[in-house]
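The values are calculated or read from the model by the stated rules, or taken from the named source; none is laboratory data. These numbers come from a predicted model, not from an experiment. Backbone-built Cβ (ideal geometry, glycine too); neighbour counts: all protein chains shown. For accessibility, only protein heavy atoms count, side chains too; no ligands or nucleic acids. Shrake-Rupley method; radii C 1.70, N 1.55, O 1.52, S 1.80 Å.
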Amino acid sequence: MKTLLFPHSFQKWGWCILAVGIAFGIYAMVTDYGTSGLVNNIAIIGTISGAILVTCSREKIEDEMVRQLRLNSLLVALYISYAVLIVCSLFVYGLDFLYVMIYNMFTILLIFMVVFRYRMWQFNKEVKDEEQN
């Protein structure tokens with residue numbers, strides 16, 4: 001079965017691009033440069049492209065277990081992201097809801113990264129513990 005994942009080496013570049021994008025995003029939020037189209041574009045494009053490179057790159061060892069963890073993590077991220085969106089649509093109105101929608105562009109990718117990395121850490125810890133016993 002052909003996979004559409006990037007090579008593992010793209011992950012390192014993704015982390016760098018993601019860090020720059022998030023840094024620009026934080027900078028735009030805390031300063032008046034949030035109205036600058038260039039700063040916003042760097043933040044949005046950097047965060048999304050970096051997160052895609054990180055989340056869609058192969059692991060060093062990409063086997064069936066990692067694929068299963070990847071799929072389950074994606075589903076959890078999807079459920080959490082849309083649950084938050086539903087709750088916000090009930091309680092947030094006006095211009096504030098626009099901000100919710102802007103941040104929602106990133107939530108699925110970022111939640112997926114957190115959940116997948118946590119599950120990979122748990123899996124690697126279990127494997128290491130089994131090897132020691």
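Across the stretch 1-41, which residue is farthest from GLU64 (Cα to Cα) among those that are loosely packed, with under 12 Cβ neighbours inside 10 Å and small (Gly, Ala, Ser)?
Taking the candidates together, the pick is GLY37.
Take the residues of the stretch 71-84 that are surrounded by 15 or more Cβ atoms within 10 Å (Cβ to Cβ) and either touching a helix residue (DSSP H, G or I) at 6+ places or on another chain (Cβ under 6 Å) or modelled with pLDDT of 95 or more (or both): which is nearest to LEU4 (Cα to Cα)?
Per the criteria, the residue is LEU74.
With the requirement that a residue be free of Cβ contacts under 8 Å to residues at least 40 places away in the same chain and open to solvent by 90 Å² or more (accessible area, probe 1.4 Å), what does the stretch 42-66 give you?
Answer for the stretch 42-66, where residues must be free of Cβ contacts under 8 Å to residues at least 40 places away in the same chain and open to solvent by 90 Å² or more (accessible area, probe 1.4 Å): ILE45, ILE61, GLU64.
Consider the stretch 68-99. How many of its residues are of a type outside the set (Asp, Glu) and over 17 Å from the mean Cα position of the chain (by Cα)?
Selection size over the stretch 68-99: 14.
Would you point out which residue out of CYS16, CYS56 is among the hydrophobic types (A, V, I, L, M, F, W, C), at pLDDT 90 or above and touching a Leu at 6+ places or on another chain (Cβ under 6 Å)?
Testing whether each residue is among the hydrophobic types (A, V, I, L, M, F, W, C), at pLDDT 90 or above and touching a Leu at 6+ places or on another chain (Cβ under 6 Å) leaves just CYS56.
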